[in-house]
Amino acid sequence: MKDYNYFTTLLVQNVGSKTRAIAPPITSSAAFGYENAQEAEGIFMGEINNPLYARMGNPTTAKLESIVAKMEGGLGAIATASGMGALAMVMTAFLNAKDEVLCIGGFFGGTYTLVNETMRRFGIESSFCEVDDFSHIERKLQEGIKLVVVESVGNPSLRLPNLPKIIALCHHYETLLIVDNTVTPLTIRPLEMGADIVIHSTTKAMSGHSAALGGMAVFRAVKEKDKLHHKKYKDLHPILNKMGKKAMIPICKKRAMRDMGMSANAFGSFLTMLGLETLALRIERVNRSVPIIARALEKNLPTPIKVSHPSLANHYDHERYCAAYDKGCGPILTLDCGSKAAAFKLLNHLKLVTQTANIGDNRTLALHMASTIYRDFDQETQKFLGVSDGLIRISVGLEDPEMIIKDFLEAAEA
Ligand code: PLP
């Protein structure tokens with residue numbers, strides 16, 4: 001059974017080597033010598049599996065990629081310089097000007113601006129819809145769009161998508177589905193459920209230590225009768241015909257990474273692997289702590305402060321949480337303090353918690369959303385993304401949950 005015991009065993013055994021150096025070697029080389037001209041040609045043709053040049057891959061990064069691919073149940077993976085790098089790589093690799101991407105639910109601010117501003121400047125259209133707006137979703141799929149993106153848990157909206165239904169619709173309309181699984185590594189398994197590509201910001205829980213910025217795209221195998229053979233993906237067909245089940249990897253490398261260089265570096269990949277060794281232990285603990293903290297804060301914080309987390313009975317997606325997110329939905333919970341001034345006051349009285357723009361850290365973090373990550377967004381967009389004036393996002397860490405609760409209660413009292 002793929003439980004936390006399974007993943008801890010898989011991860012420690014795959015990160016460490018049995019002979020010679022136990023810790024993964026850091027190959028800090030940008031270029032790699034070839035035996036002879038024939039080997040150089042073979043490597044560039046993709047027929048010899050040796051390093052080409054670090055923009056296209058690095059041995060330390062390759063080890064990280066193979067571990068995360070196994071962990072997510074994928075055929076292969078590509079590590080990138082950041083989570084945004086992974087999203088940008090996949091979207092630019094699969095889309096062309098005049099194509100359209102559908103974004104379902106609330107989104108991290110960077111993903112929203114990537115799609116809504118940057119990709120639009122290059123002629124890629126987009127639409128956003130509420131997480132359960134299946135009439136919009138189905139209409140867009142019927143129109144023949146090429147790509148759908150959804151976060152496994154909206155950050156910071158905390159809306160939970162109906163993944164099985166979205167996956168079934170994307171299969172029916174032969175449309176690629178990307179799931180950003182940053183918030184729920186191990187607890188949600190999008191590739192096993194039928195998604196096509198999984199994205200992670202490895203900066204978050206996978207590392208846990210805030211020492212390495214990184215991203216990852218994990219791919220399923222391309223099948224003989226695959227949705228990618230649909231005529232709307234015809235410009236990818238030469239790569240599909242040549243590369244078969246591994247085709248999504250050269251599609252991303254040759255249509256994005258080679259030319260835009262969002263490649264991971266060896267030291268970052270090494271640090272990410274150190275984090276991976278303990279990922280399952282940390283995920284289990286955080287997912288145990290979050291509902292305890294949410295309940296205690298809901299019960300004990302003064303009334304104007306509203307606590308939001310799907311484990312709470314009054315949350316919009318509580319039923320879905322109980323049915324489909326039974327292992328937890330990651331480290332985030334939010335407090336709505338009613339106003340920016342009240343939120344600032346509470347934040348500035350916290351003694352234990354760190355104020356920063358990150359999630360999934362080993363330490364508990366908090367941040368006022370509207371004045372930071374979402375400050376450039378108009379009010380309507382903030383509302384759509386679940387960001388109100390007084391909203392604080394909390395990312396629960398590994399500390400004693402009682403200490404975390406105490407810090408928030410004392411800050412609120414002060
Ligand atoms: N996806 C989600 C859900 C995130 O929370 C973040 C970052 O906060 C990203 C993607 C982007 O990752 P990175 O900061 O590594 O570029």
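The values are calculated or read from the model by the stated rules, or taken from the named source; none is laboratory data. Please read these numbers as outputs of a predicted model, since none were measured by experiment. No Cβ is skipped: glycine too gets one built from the backbone with ideal geometry, and neighbour counts run over all protein chains shown. All accessible areas refer to the heavy atoms of the entire protein, side chains included, with ligands and DNA or RNA removed. Shrake-Rupley method; radii C 1.70, N 1.55, O 1.52, S 1.80 Å.
Below is a table of values for the structure above.
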read-out: Computed over the range 4-276: relative contact order in percent, which uses C-alpha pairs under 8 Å that are six or more apart; value: 26 percent
read-out: By accessible area with a 1.4 Å probe, ligands and nucleic acids excluded, highest first: order of GLU413, GLU143, GLU151; value: GLU413, GLU143, GLU151
read-out: Distance between the range 124-147 and the range 365-390 - C-alpha centres, whole angstrom; value: 24 Å
read-out: Solvent-accessible heavy-atom area per residue, rounded to whole Å², over the range 280-413 at 1.4 Å; value: 48 Å²
read-out: Order by protection proxy (mean Cβ within 10 Å, highest first), peptides 240-252, 266-278; value: 266-278, 240-252
read-out: Degrees, to the nearest 10: 266-276 long Cα axis against longest axis of the chain; value: 50 degrees
read-out: Crossing angle, helix 401-413 versus the chain [Cα axis fit, 0-90 degrees, rounded to tens]; value: 50 degrees
read-out: Under 15 Å from the Cα of LYS340 - aspartates and glutamates, other chains or at least 8 residues apart; value: ASP389
read-out: Fraction of accessible area attributable to carbon and sulfur, the chain (%, probe 1.4 Å); value: 53 percent
read-out: Tilt relative to the chain, helix 83-94 - C-alpha long axis, 0 to 90 degrees, to 10; value: 50 degrees
read-out: Probe 1.4 Å - accessible area at ARG375, Å² to nearest ten; value: 150 Å²
read-out: Filter on LYS146/LYS254; LYS165/LYS327; LYS232/LYS383; LYS204/LYS253; LYS70/LYS165; LYS70/LYS383 - keep pairs with C-alpha separation over 30 Å; value: LYS232/LYS383; LYS70/LYS383
read-out: Linear extension gain, THR354 paired with ALA23, 0.36 nm per residue minus alpha-carbon span; value: 116.1 nm
read-out: The chain - charge dipole about Cα centre, Lys and Arg +1 at Cβ, Asp and Glu -1, debye rounded to 20; value: 640 debye
read-out: Relative contact order of the range 341-401, defined on C-alpha pairs under 8 angstrom at six or more residues apart (%); value: 39 percent
read-out: Kirkwood Rh and Cα Rg combined as Rg over Rh, evaluated for the chain; value: 0.97
read-out: Anchor LYS242: aspartates and glutamates whose Cα lies under 15 Å away (excluding residues fewer than 8 positions away in-chain); value: GLU47, GLU224, ASP226
read-out: For the chain, share of DSSP beta bridges that run antiparallel, in % to the nearest 5; value: 55 percent
read-out: Within the chain, helix-based [θ] at 222 nm, where runs of 4 or more DSSP H residues each add -39,500 (n - 2.57), nearest 500; value: -11000 deg cm²/dmol
read-out: Difference of contour (0.36 nm per residue) and Cα-Cα distance, GLU39 to ALA323; value: 96.9 nm
read-out: Cα centroid of the range 21-44 to Cα centroid of the range 64-111, whole Å; value: 26 Å
read-out: Accessible area in square angstrom per residue, the range 4-276, 1.4 angstrom probe; value: 40 Å²
